[in-house]
Each structure stands twice: as C-alpha cells, then as structure tokens.
Amino acid sequence: MSEKIWNHNKIAYGGDYNPEQWSEDVWQEDMRLFKLAHIDTVTLNVFSWASLQPDEETYQFEKLDKIMNMVRENGLKVCLATSTAAHPAWMAKKYPEILRTEFNGMKRKFGGRHNSCPNSLVYQKYATRLASKLAERYQSYDNIIGWHISNEFGQECYCENCEKAFRVWLKKRYKTIEEVNRVWNTSFWGHTFYEFDEIVLPNLLSEHFEEERSMFQGISLDYKRFNSDSMLNCYRMEYDAVKKITPHIPVTTNLMGFYKPLDYQKWAKYMDFVSWDNYPSYNDSIAQNALHHDLIRGLKSGKPFILMEQTPSVTNWQYYNALKRPGVLRLQSYQAVAHGSDSVMFFQMRRSIGACEKYHSAVIDHCGHENTRVFREVTQIGEELDKIGDRILGAREEAKVAILFDWENWWGIELSAGPSVELKYTDEIIRYYTALHEQNIATDIISVDEDLSRYQVVIAPVLYMTKGNYDEKIREFVKQGGTFVTTYFSGYVNENDLVITGGYPGKLRDILGIWVEEIDALPPDFCNYFDFDGEEHQCQLLCDLMHLEGAEALAVYKEDFYAGMPVITKNVFGKGNAYYVGTRSDKQFYKQFIKKICKECEIHPAAIVPKGVEAVSRKTEEKEYLFLLNHEEEEKKVTLEKDCVEILTETEYNKGDTVVLKKRDVVILQM
Ligand code: GLA
Ligand code: ZN
C-alpha cells in the first residue's frame, strides 16, 4: 500500500494561521470563513516565542491553549510550529551572543527574524526548551498531525562562537592540522596552519572578495558544510525534544526549494517528511515550477511531500508582486499535487495589518469577508479537494529518468575561480529538465546517495565534483546497460575541491571514452556552432577541447582554431552508453538530444498532449491518476489512450475519446 505521510484522510487544505495578531471575535469569524472555504488544516504558532516566553523564567500558554481548543472544536487538524525562528527581544538584550554576525563582519542587533546564531548555546537551550514545553502541553491533542520546527531555516553566521565551533567541526572531520593543510592545499600562498586556533571563518574579512568568490575554495566549501550542519544541529535538537514526548507525530521543517546555503539532501535524512514553500515569480517557467517540486520529492526518494506554503495571489517581497491571474492558483495547486504533494497550503489565512506582510495576500483579505475573487478561487479548490478525498494520498510518480543534483557540487562549482562567472549549476539543471518536462517525461531529481539501478537514464549536468567513489556507481550503472549523460566541467575535483590529476574529466574518463585537454570560456555574445541531427546549434559559455579515447563524435565544432574537434560524444561502455556534451547549447538542441535518448531507451511521456499541456501521473499499487494541466490561455484537446474517469466532474471517457481542457483548466483522470 502507498504510505501516508501524516494522519490526514485527504489532501490537507489550509495554511499559516496567526490568530494571535487578532482579537477573539475575529477568530470566530475566521472559523466561519474556513468552513466556507473547506479549510481543514492550520499551521499554528510560527512566530509566537515572544508571547509564549515573555522573560527568562516565565512561560505562558493561555492564549495558545485557547487557539488550540478553538481549532480542535472546529474540526481542524494542526501542524504545530515551535516558534523558534525569531527570538524574543529580552533574550537579545540579555544575551547578545544569540545575534548573528553577517558575512561582512557586521554584528546584528535585535530585528527581523531567522536572526539567531546557530552555535549560540543560549539560543539552543531556549529553543529546545520551548519545543519540549510545547510537546508536553499539547501531546494529548490528537488533531496535531505534524511538527513544524522553526521556520525556513537559513542564513549564515560569522560570529566568534561560530568560529570556535568551526574549528571543532574541522577537528572532528579531519583529526589533525596536517590533514586540514593537505585538503585545503595550504602550501598555496603560504597558508600553512600550525594550530587549529589560527583558522578563521572565510568571509569578507579573510578569504573572500565577494560573497561567492573565495581565494581558498577548500576553506569556503568546508564553511558551507559547517554552516548547514550548524543549522541542522539546531533543527535536530528540537526534533529530538518533540519526538521524546510525541514519538507518534511526524516532524518536518519548511524548506525553500533550491536554497543554496543548506544541504537539503543531508537535512532530509533527519526529517520524517519534507515540506516546502513555493513562491514562483512571475517570470518562472512552468518547467521551473515543476522542477522545484521534483527536487523536493527527490529528497525522500520519491515519497509524497507537503506543500506548506504558497500565496493565494501576491507576495509582498518580490520586486513586482503581480496578481495570480484567475485560474493560476488552481493550476499551481494541482501542479504541486501532480508532482507529489499531499497538501495544498497557504501563507497566510488572514492578511495582517502591520509590518512587511500586510500587502501579502491571504485567504481572508483586509475587507474581511468572503466576497472576493481570491476567496472564491480558494473555495473552489477546497470543494474539489473534498471530492478527491483520500484517493491520491501516497501515490507516487514513476520516473525512468533521473537528474543528479548535489549541493556540495553546487557550492564547489560556484565558488570556483574560473572558468566563467556565468556558470550557474541550477541553470544547467534547468536546461536538461526543461527538455524532459516539455516532452512530459517523468523525471526524478536525485542525490548521490540514490540507487541508480531503478533508472534507465541518469543525467548529471556539470558533475564538477566526483565525491568518494561515485564514479564507481556510474561505471556500474552504465556497465549494466544504463545511459549516462554528463557535460563540460565534470570530473575535475574530489570532495575537497582538489583537482584529480591525469586529465579531465578525471575518474569519468574511461566511462566517457574522452580526454578533455582545455576548456574555452566564451564571453557573452561569442558563439561557436555544431550540427546535430540535421540542424545547426550554438555553443555558448564553455567549449571543451577534447580528444576521443574510444568514444564516437556525434558533433564537431564548426569554427575557431578547434573546428573539427568533437563537441558531443557517445561511448559504448559495457552494456550501456555514456554521452558527453562539451558545451552549453540552445533550447532546440536539448530538445532533440533528449528526444533521441528517450527514443533509444524507449522511454515514453506520461501522455501525448498538445504544447502547453503538462501531463503527470501519480500511481498507487492499484490505480493511476493522470493530471492534465493546461497552462495556456486557449482551449486544448487531448485524445485519451485508455478508458478513464475524470474525478472532479465524474465524467467517464473511453479510449479514443477527446477531453477538452478549457483555458488554464485541470483534469484528473483515474485510468
Ligand atoms: C515565507 C515564510 C512566511 C512568510 C512568507 C511570505 O515562506 O515562511 O512566514 O513570510 O514567506 O511569502
Ligand atoms: Zn554565530
């Protein structure tokens, strides 16, 4: 059977609710409006530390008790937050050590949120204590379906406490100072360290000349690992605190998609289920939105996740806070569900009246009533989710293609001095993902820990860092018949950002059957060209100058002094194939390239649909649900390949029938 991620019998519907900002008569009105909109779940207590603990000794839960009782009486499930993402003012005054220090060395004062030093023992002590007290107080509430630790963990700290903790972290990882010197290659620029206490944090005061540009990549890379671990440690302390008292309640924290400072693939190991906050900007593509969901789903090897937050319409913090056009909220909600979410949740339930989120939309607007466009759209989704009931819960997308994404590789690539500042890891991921997505090929985003044997195709764009013996995993995968694709700037370094000598792409060389001798970084507006499958394509950004060592050239450069040298290659290795793409190309190339590979591997789209329609399928052991999402503003028609029932309208279709999707419409077909 498919597994449920929390104790709910339907796709959870609701979101962040802050009644503490309102008087009690407003709460009663909220309950009425929630019922109208078919809201069944609220995330409570996200930023209440100041009210729960007004001073060092006092804890007061009376207000939260009232709120907890009210929502329980109204049949609502609760995702209970621990409130530790913004410390109280008295704590900052009494213990300035809890305040973070910025990258430029600036020590912060009280203000904002996500503002605590993760290595402050005072912060850790009080955060953990609060989590315990909440668990003790509310353990008997059987409507609590999840713990929400803190909120959007993030940021970095460069304070003296963190510096000391960094040295301890390094000692644990490398044991001796000699080993630290070796992995950081400190013989460069006379950096040899004699004692651990000579090591300082890499920031603007030391090794960096810009946020992402370091003179010692090894040090900066380890700092990133350390900072992510420091935050993770805070999360885990709270996790343990609540688990001790309520072992039956699953625990999460809300993630932020491609959030660079935290290695979510490591974090996910300590989360009972993953959840995330989806705030696409007006110019993100449909594929980019889908990619984020797939990234999150991949953190738990394909298990469903929780969409913890999305805005019903606008945010306040983007440059241009455009309204979600009618139908877009519904489309985005079902896109999340199609890609594996077992919830549709919002930030926020009621729009606040002061500070920076007062113009962030909410289910209940400043007008205070239900007669708004947004409320009507929210209600329609609520009614539909009631209708769907428990049917899709736990169902999974089945992908034969995986894209490898690795946080440490991300840090490594973008800390690199050379070959091009324009090289951005996620840009390269998006290029391959978009080609797959636009052909409706289900794709998993996987970490280096994932078993490759369940995939036919593994694409690893810019696999700069070959950590440990990851090359062995790829070698085995290809030998057994898998298809592997990688690109320029791959195989260069080990996990310490030390170059693997003997020729690029290092340990991947035999699998790919090539030797890359040089890499040419093209300034903007410079271009080279190659022909592939009868069409001319561009080379941008980087061009590898490579030699064949067993591989076959599928395309060669047409210009410059390296005209005639291979740019795209294929190597038969064991029972499989390894492709190498030695440049960044245009959209049309990725489309054709992916098409060719999927054809060779007999990988099929979720459905044959017209352009602009996204087709995604989620399966349980018994059933398949095919989501068709029309992202365009015109009607689309899809011819059905099987008998099925549309579950929102209960329309029955036979094989060969046409289903009509109105503009921005969604249909969910039970096959
Ligand atoms: C984040 C936070 C919320 C809220 C929203 C606004 O996701 O978790 O508290 O600030 O952004 O978009
Ligand atoms: Zn700190």
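Hey, among the residues in the stretch 516-536 that are closer than 25 Å to Val478 by Cβ and in a strand (DSSP E or B), which one's most open to solvent (accessible area, probe 1.4 Å)? Before the answer, list the steps.
Taking the stretch 516-536 as the starting set, the residues that turn out to be closer than 25 Å to Val478 by Cβ are 516-517, 519, 530, 532-533.
The next check asks that each one be in a strand (DSSP E or B); those that pass are 516-517, 519, 530, 532.
Values: Val516: 2, Glu517: 85, Ile519: 48, Phe530: 0, Phe532: 8 Å².
My answer is Glu517.
If we keep just the residues of the stretch 77-91 that are open to solvent by 10 Å² or more (accessible area, probe 1.4 Å) and more than 16 Å from ligand 1 (Cβ to nearest atom), which is nearest to Ala135 (Cα to Cα)?
So the first thing to find is which residues in the stretch 77-91 are open to solvent by 10 Å² or more (accessible area, probe 1.4 Å), and the list is 77, 86, 89-90.
Then keep just the ones that are more than 16 Å from ligand 1 (Cβ to nearest atom); that gives 77, 89-90.
Details: Lys77: 16, Ala89: 24, Trp90: 24 Å.
Residue satisfying both the conditions and the ranking: Lys77.
Please verify whether the stretch 281-300 includes one or more residues that are surrounded by 20 or more Cβ atoms within 10 Å (Cβ to Cβ), farther than 24 Å from Thr434 by Cβ and either of a type outside the set (Lys, Arg) or in the same structural domain as His631 (by TED's automatic domain parsing) (or both).
No.
Inside the stretch 54-87, can you point out the residues that are part of a loop (DSSP other than H, G, I, E, B) and in contact with a Ser or Thr (Cβ under 9 Å, 6 or more places away or on another chain)? Talk me through it step by step, then tell me what you get.
The initial filter retains those residues of the stretch 54-87 that are part of a loop (DSSP other than H, G, I, E, B), namely 54-61, 74-76, 82-87.
Within the stretch 54-87, Gln60, Leu76, Thr82, Ser83, Thr84, Ala85, Ala86, His87 qualify.
Scan Leu295, Leu291, Leu262 and give me the residue that is within 16 Å of ligand 1 (Cβ to nearest atom), more than 20 Å from Tyr13 (Cβ to Cβ) and touching a residue at least 60 places away in the same chain (Cβ under 8 Å). It would help to see each step written out before you state the result.
Details: Leu295 fails: within 16 Å of ligand 1 (Cβ to nearest atom); Leu291 fails: within 16 Å of ligand 1 (Cβ to nearest atom).
None of the other options fit; the residue is Leu262.
Is it the case, given these coordinates, that Val667 is touching an Asp or Glu at 6+ places or on another chain (Cβ under 6 Å), in a strand (DSSP E or B) and either open to solvent by less than 60 Å² (accessible area, probe 1.4 Å) or on the phi < 0 side of the Ramachandran plot (or both)? Spell out how you get there, then give the answer.
Values: touching an Asp or Glu at 6+ places or on another chain (Cβ under 6 Å): yes; in a strand (DSSP E or B): yes; either open to solvent by less than 60 Å² (accessible area, probe 1.4 Å) or on the phi < 0 side of the Ramachandran plot (or both): yes.
Here the answer is yes, as Val667 does meet what is asked.
Restricted to the stretch 490-515, and to residues that are under 20 Å from Asp406 (Cβ atoms) and open to solvent by less than 10 Å² (accessible area, probe 1.4 Å), which residue is nearest to the chain's Cα centre (by Cα)?
Filtering the stretch 490-515 for residues under 20 Å from Asp406 (Cβ atoms) gives 490-500, 504-509, 511-512.
Then keep just the ones that are open to solvent by less than 10 Å² (accessible area, probe 1.4 Å); that gives 490-491, 493, 505, 508, 511-512.
Numbers: Ser490: 22, Gly491: 24, Val493: 25, Pro505: 28, Leu508: 27, Ile511: 30, Leu512: 30 Å.
Ranking the candidates gives Ser490 first.
Results for (1) within 16 Å of ligand 1 (Cβ to nearest atom); (2) farther than 28 Å from Ile67 by Cβ; (3) in contact (Cβ under 8 Å) with a residue 24 or more places away in the chain, shown as yes or no for each residue.
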| position | (1), (2), (3) |
| --- | --- |
| Met106 | no, yes, no |
| Asn115 | yes, no, yes |
| Lys133 | no, no, yes |
| Tyr138 | no, no, yes |
| Tyr141 | no, no, yes |
| Trp147 | yes, no, yes |
| Cys157 | no, yes, yes |
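How many of the residues making up the stretch 134-170 are open to solvent by 20 Å² or more (accessible area, probe 1.4 Å), more than 16 Å from ligand 2 (Cβ to nearest atom) and in contact with a Phe, Trp or Tyr (Cβ under 6 Å, 6 or more places away or on another chain)?
Adding up the residues that qualify gives 1.
Go through (1) in a helix (DSSP H, G or I); (2) more than 19 Å from Thr82 (Cβ to Cβ) for Val242 and report which single condition fails.
With (1) in a helix (DSSP H, G or I); (2) more than 19 Å from Thr82 (Cβ to Cβ) applied to Val242, the lone miss is (2).
Just checking, does the stretch 42-51 include any residue being part of a loop (DSSP other than H, G, I, E, B), open to solvent by 10 Å² or more (accessible area, probe 1.4 Å) and either modelled with pLDDT under 95 or within 17 Å of Asn143 (Cα to Cα) (or both)?
Checked the stretch 42-51: no residue is part of a loop (DSSP other than H, G, I, E, B), open to solvent by 10 Å² or more (accessible area, probe 1.4 Å) and either modelled with pLDDT under 95 or within 17 Å of Asn143 (Cα to Cα) (or both).
Listed here are the residues, each with its yes/no results for (1) of a type in the set (Ser, Thr, Tyr); (2) within 30 Å of Ile474 (Cα to Cα).
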| residue | (1), (2) |
| --- | --- |
| Pro566 | no, yes |
| Gln588 | no, yes |
| Lys623 | no, no |
| Leu626 | no, no |
| Glu634 | no, no |
| Thr639 | yes, no |
| Val667 | no, no |
| Met671 | no, no |
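Could you grab me the full set of residues in the stretch 193-210 that are open to solvent by 90 Å² or more (accessible area, probe 1.4 Å) and closer than 20 Å to Thr176 by Cα?
Once the filter is applied, which keeps residues that are open to solvent by 90 Å² or more (accessible area, probe 1.4 Å) and closer than 20 Å to Thr176 by Cα, the stretch 193-210 yields Tyr194, Glu195, Asp197.
Report, by residue number, each residue of the stretch 648-661 that is surrounded by 13 or more Cβ atoms within 10 Å (Cβ to Cβ) and not aromatic (Phe, Trp, Tyr). If you could, list the steps in order and put the result at the bottom.
Initially, the stretch 648-661 is screened for residues surrounded by 13 or more Cβ atoms within 10 Å (Cβ to Cβ), giving 648, 651, 653, 657, 659, 661.
Leu648, Thr651, Asp657, Val659, Leu661, listed by residue number.
Hey, could you check the stretch 111-131 for residues that are closer than 26 Å to Glu210 by Cα and in contact with a Leu (Cβ under 8 Å, 6 or more places away or on another chain) and say which is nearest to ligand 2 (Cβ to nearest atom)?
Cys117
Could you list, in sequence order, all residues of the stretch 557-597 that are part of a helix (DSSP H, G or I) and either open to solvent by less than 10 Å² (accessible area, probe 1.4 Å) or basic (Lys, Arg) (or both)? I'd like the intermediate steps shown before the answer.
Kept after step one, since they are part of a helix (DSSP H, G or I), are these residues of the stretch 557-597: 587-597.
Lys587, Phe589, Tyr590, Lys591, Phe593, Ile594, Lys595, Lys596, Ile597, listed by residue number.
Just need a number here: residues in the stretch 257-267 that are surrounded by fewer than 20 Cβ atoms within 10 Å (Cβ to Cβ) and within 14 Å of Leu299 (Cβ to Cβ).
Residues meeting the conditions: 4.
Can you tell me which residue within the stretch 306-347, out of those that are within 15 Å of ligand 1 (Cβ to nearest atom) and assigned to a helix (DSSP H, G or I), is nearest to Gly382 (Cα to Cα)?
Leu329
Within the stretch 132-182, can you find the residues that are over 30 Å from Leu76 (Cβ atoms), of a type in the set (Val, Ile, Thr) and assigned to a loop (DSSP other than H, G, I, E, B)?
From the stretch 132-182, those over 30 Å from Leu76 (Cβ atoms) are 155-182; that's our starting set.
If we keep only those that are of a type in the set (Val, Ile, Thr) too, we end up with 168, 176-177, 180.
Answer for the stretch 132-182, where residues must be over 30 Å from Leu76 (Cβ atoms), of a type in the set (Val, Ile, Thr) and assigned to a loop (DSSP other than H, G, I, E, B): just Thr176.
Could you pull out the residue among Ser214, Ser206 that is closer than 30 Å to Asn151 by Cβ and of a type in the set (S, T, N, Q)?
Values: Ser206 fails: closer than 30 Å to Asn151 by Cβ.
Sole residue among the options that is closer than 30 Å to Asn151 by Cβ and of a type in the set (S, T, N, Q): Ser214.
With surrounded by fewer than 22 Cβ atoms within 10 Å (Cβ to Cβ) and either under 30 Å from Ile219 (Cβ atoms) or within 16 Å of ligand 2 (Cβ to nearest atom) (or both) as the only criterion, which of Ala355, Ala322, Ala417 stands out?
Details: Ala355 fails: either under 30 Å from Ile219 (Cβ atoms) or within 16 Å of ligand 2 (Cβ to nearest atom) (or both); Ala322 fails: either under 30 Å from Ile219 (Cβ atoms) or within 16 Å of ligand 2 (Cβ to nearest atom) (or both).
None of the other options fit; the residue is Ala417.
The values are calculated or read from the model by the stated rules, or taken from the named source; none is laboratory data. Computed from a prediction, not measured in an experiment: that's the story for all the values here. Here Cβ is always computed from backbone atoms with ideal geometry, including for glycine, and neighbour counts include all displayed protein chains. In case anyone asks, the SASA skips ligands and DNA or RNA and just uses the protein heavy atoms, side chains included. Shrake-Rupley method; radii C 1.70, N 1.55, O 1.52, S 1.80 Å.
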